[in-house]
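Student: I have a structure I would like to understand better, so I am pasting it below and will then ask my questions one at a time.
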Amino acid sequence: MPTHQSLGGASDEELLQRMVATHGERFEATFWAFFGAHVGQRLPSRPVMVDLGCGPGLFLRDLGERHPGAILYGYDVTPAMITYGRQLTFKAASATFALHDVATQPLPHAAATVHLASMSSVLHVFDEPFPTLAEIRRVLAPGGIFLLHDWVRQPLPTYLAWRRDVLQEGGAEGLRRAFRLFPVHNKYTVEDWRWLLGEAGFEILSQAELRASHRIFVATPAG
Ligand SMILES: C[S@@+](CC[C@H](N)C(=O)[O-])C[C@H]1O[C@@H](n2cnc3c(N)ncnc32)[C@H](O)[C@@H]1O
């Protein structure tokens, strides 16, 4: 399976640094307002939370600040991400990071034991999302939440302008990179994501556009 890194032409270290540098912009006040309104109140006082494709682990650290009784797990296929996450300081009851290929390996959790599973800008990379979605559904407790935040399809000129103006990726190399990533980031429409979640046995409780490039879905196993 092609990894996000190879498709983007960035090294693991570059991707790590980009994830760390942009974390505050991506998980900002609007995100946490949405999280508080649609997810936080549904969680028990000692929730088990897993972040799949956790990157540097900063989202889990933020979750631990807000839910100090939480038991956190972060899984990622890139060793540099797991190394970074393991050196973070956590307020949560516990935080465990493991090198794990979420696209091909079952999740190391018993059925119906997880209260929140999250995936942020990861699932679009997988060749076929259904096995991972089935694993998430298996491990979620009744009423558990799957929080999916991922890229949605944009027109080519909009996407190119965003990379040029917001990411400041100019020149011939910037354009090459933008065209290489366009089919990766613009794979699924909002309707495609909704369909995938429904087919995988999830009911969508809410969704929002917090950034023009992404859509966030709050889903739970359908009854
Ligand atoms: C764009 S980054 C997002 C990181 C983090 N979720 C965030 O939002 O900051 C995508 C992450 O998914 C990870 N990833 C890609 N394929 C994966 C797989 N098959 N299993 C686990 N992690 C994967 C990459 O290593 C990378 O850390």
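Here, each number is a calculation from the coordinates, and none is a lab measurement. Because the structure is a prediction, the values reported are computed rather than measured. Backbone-built Cβ (ideal geometry, glycine too); neighbour counts: all protein chains shown.
Student: I'd like the full set of residues that are more than 19 Å from Tyr188 (Cα to Cα) and either within 16 Å of the ligand (Cβ to nearest atom) or assigned to a strand (DSSP E or B) (or both), limited to segment 133-143.
Tutor: The initial filter retains those residues of segment 133-143 that are more than 19 Å from Tyr188 (Cα to Cα), namely 135-143.
The answer is Glu135, Ile136, Val139, Leu140, Ala141, Pro142, Gly143.
Student: A further question on this structure: Which one of these is within 11 Å of the ligand (Cβ to nearest atom), under 21 Å from Ile136 (Cα atoms), surrounded by fewer than 22 Cβ atoms within 10 Å (Cβ to Cβ) and free of Cβ contacts under 8 Å to residues at least 60 places away in the same chain: Leu60, Leu99? Steps first, answer last, please.
Tutor: On the way: Leu60 fails: surrounded by fewer than 22 Cβ atoms within 10 Å (Cβ to Cβ).
Only one candidate qualifies: Leu99.
Student: Of (1) in contact (Cβ under 8 Å) with a residue 12 or more places away in the chain; (2) more than 25 Å from Trp32 (Cα to Cα), Ala141 satisfies all except one. Which?
Tutor: (2)
Student: On to the next question. Go over the candidates Asp51, Asp12, Asp76 one by one and state the one that is within 12 Å of the ligand (Cβ to nearest atom) and without any contact (Cβ under 8 Å) to a residue 60 or more places away in the chain. If you could, list the steps in order and put the result at the bottom.
Tutor: Values: Asp51 fails: without any contact (Cβ under 8 Å) to a residue 60 or more places away in the chain; Asp12 fails: without any contact (Cβ under 8 Å) to a residue 60 or more places away in the chain.
Exactly one residue qualifies, and that residue is Asp76.
Student: Quick one: count up the residues across segment 34-48 that are in contact with a helix residue (DSSP H, G or I) (Cβ under 9 Å, 6 or more places away or on another chain) and either within 16 Å of the ligand (Cβ to nearest atom) or among the hydroxyl-bearing types (Ser, Thr, Tyr) (or both).
Tutor: Of the residues in that region, 1 qualify.
Student: Looking at (1) crowded, with 16+ Cβ neighbours inside 10 Å; (2) away from the ligand (no atom under 15 Å from the Cβ), can you tell me which one Pro129 breaks?
Tutor: Every condition holds for Pro129 apart from (2).
Student: Continuing with the same structure: Give segment 113-132 a look and list any residue that's within 13 Å of the chain's Cα centre (by Cα) and in a helix (DSSP H, G or I), or say none.
Tutor: If the condition is that a residue be within 13 Å of the chain's Cα centre (by Cα) and in a helix (DSSP H, G or I), then Leu123, His124, Val125, Thr132 are the ones that fit.
Student: Please state which one of Val122, Val184, Val166 is out of contact with any Lys or Arg (no Cβ under 8 Å at 6 or more places or on another chain), of a type outside the set (Asp, Glu), crowded, with 20+ Cβ neighbours inside 10 Å and closer than 24 Å to Phe31 by Cβ. Outline the logic, then answer.
Tutor: On the way: Val184 fails: crowded, with 20+ Cβ neighbours inside 10 Å; Val166 fails: crowded, with 20+ Cβ neighbours inside 10 Å.
After applying the criteria, what remains is Val122.
Student: Taking the options Gly36, Gly55, Gly85, name whichever one is part of a helix (DSSP H, G or I), crowded, with 22+ Cβ neighbours inside 10 Å and of a type outside the set (A, V, I, L, M, F, W, C). Can you show your working first?
Tutor: On the way: Gly36 fails: crowded, with 22+ Cβ neighbours inside 10 Å; Gly55 fails: part of a helix (DSSP H, G or I).
It is Gly85.
Student: Then there is this: Name every residue in segment 16-33 that is within 13 Å of the ligand (Cβ to nearest atom), hydrophobic (A, V, I, L, M, F, W, C) and surrounded by 12 or more Cβ atoms within 10 Å (Cβ to Cβ), in order of residue number.
Tutor: Kept after step one, since they are within 13 Å of the ligand (Cβ to nearest atom), are these residues of segment 16-33: 16-28, 31.
From what is left, the residues that are hydrophobic (A, V, I, L, M, F, W, C) are 16, 19-21, 27, 31.
Result: Leu16, Met19, Val20, Phe27, Phe31.
Student: Show the residue pairs that are 6+ apart or on different chains and have beta-carbon atoms under 7 Å apart, the first residue being within segment 21-35 and closer than 17 Å to Cys54 by Cα, the second being not small (Gly, Ala, Ser).
Tutor: As it stands, the answer is His23/Leu58; Phe27/Phe59; Phe27/Asp62; Phe31/Leu210, since those pairs meet every condition given.
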